[in-house]
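The values are calculated or read from the model by the stated rules, or taken from the named source; none is laboratory data. Here the structure is a predicted model, which means the values were calculated and not measured. Ideal geometry is used to build each Cβ from the backbone, glycine not excepted, and the neighbour counts take in all protein chains shown. The protein model used for the area step is the full one, side chains on, heavy atoms only, and it has no ligands, DNA or RNA in it. Shrake-Rupley method; radii C 1.70, N 1.55, O 1.52, S 1.80 Å.
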Amino acid sequence: LLRFLRARKWHVADALAMLAESLKWRRSLHVRQLMQQGEAALNPFILTLGKNYVWKEDRDGMLPIYIRLAKHHKADQTLEETNLFNIYSLELYRIMRRHEEQLATIVFDLKDTGFGNADLGALQLIISMCQNYYPEQLGKALVKDAPWIFPGIWKLVRPLLDPVVAAKVHFCSTKDMTKYFDPAHLPVEYGGEDPF
């Protein structure tokens, strides 16, 4: 309840409306059944790609979610399959938190991405889900190794974000990652020492 109140700046009626919409959304997409079925409910091919994972904590004690966009190809799955995978992943991250107030650091790894990895439909859905149905769970978002085309995409995406959420977005390179992570907790592929 606190997350919904914070998201609506302590306006109780707005927070209640947001919560009601979230519950309707969860029911309409059968989120409980999805989690009961587990990976069996998903396209098995998506699970083999290694698109995302969670590992240890950042310097602020937040749960890092590494999303490797180069592993996502829009043509490999339907938007519905991508959406189910994203919901399943968000629900798993909620379970993995050490405590209810732990926020997430999302690392959007854009290294080696191209036009085949761009999926604006999936991006719009994930932004909508995070803002409307999983409020106040993002601590920061690190956009790592953005290609030259990304500033144009960012201009399209930024207006879709709440200004508070947009302020949590930081652009960085692999060498900058140790500002946000203890090298001992950071995977080698991100410039750390952890051989995970």
* Accessible area in square angstrom per residue, the chain, 1.4 angstrom probe -> 56
* Structure fact -> With no solvent term and unit scatterers on the alpha-carbon positions of region 70-196, Debye gives log₁₀ I(q)/I(0) at q = 0.11 Å⁻¹ of -0.42
* Asked: Tell me, what HN-Hα J-couplings in whole Hz come from the Karplus equation 6.51 cos²θ - 1.76 cosθ + 1.60 at θ = phi - 60° for each residue of region 30-42, using x for Gly and Pro?
  -> 6, 4, 4, 5, 4, 6, 5, 6, x, 4, 5, 7, 9
* Structure fact -> Shape descriptors of region 111-155 over alpha-carbon atoms, Rg and Dmax in angstrom, are 12.2, 32
* To do: For region 29-72, divide the Cα radius of gyration by the Kirkwood radius and give the resulting Rg/Rh value with two decimals.
  => 1.08
* Asked: Considering every Cα-Cα pair within region 5-127, what fraction, in whole percent, is farther apart than 25 Å?
  -> 32
* Asked: Round to a whole number: what % of the accessible area of the chain belongs to carbon and sulfur, probe 1.4 Å?
  -> 60
* Out of region 51-131, which GluC sites (Glu not before Pro) are coil in DSSP terms and have no more than 15 other C-beta atoms within 10 Å? -> Glu100, Glu101
* Asked: Any idea what log10 I(q)/I(0) is at q = 0.28, 0.29 Å⁻¹ for region 127-180, Debye with uniform C-alpha scatterers and no solvent?
  -> -1.18, -1.20
* To do: Among DSSP beta bridges whose residues both lie in the chain, state the antiparallel percentage, nearest 5.
  => 15
* Hand me the chymotrypsin sites (Phe, Trp or Tyr not before Pro) from region 124-164 located in a DSSP loop with no more than 14 other Cβ atoms within 10 Å, in residue order please. => Trp148
* **Across Lys56/Lys175; Lys9/Lys179; Lys74/Lys155, pairs whose alpha-carbon gap is larger than 28 Å** => Lys9/Lys179
* Which of the helices in the chain meet the span-like rule: DSSP H, Cα axial reach of 27 Å or more, Kyte-Doolittle mean at least 0.5? -> none
* May I ask you to work out the translational diffusion coefficient for region 50-101 at 20 °C, viscosity 1.002 mPa s, via Stokes-Einstein with Rh from the Kirkwood sum over Cα pairs, reported in whole µm²/s? => 173
* Asked: What longest region of the chain stays clear of trypsin sites (Lys or Arg not before Pro) that DSSP places outside H, G, I, E and B and that have at most 15 other Cβ atoms within 10 Å?
  -> 112-196
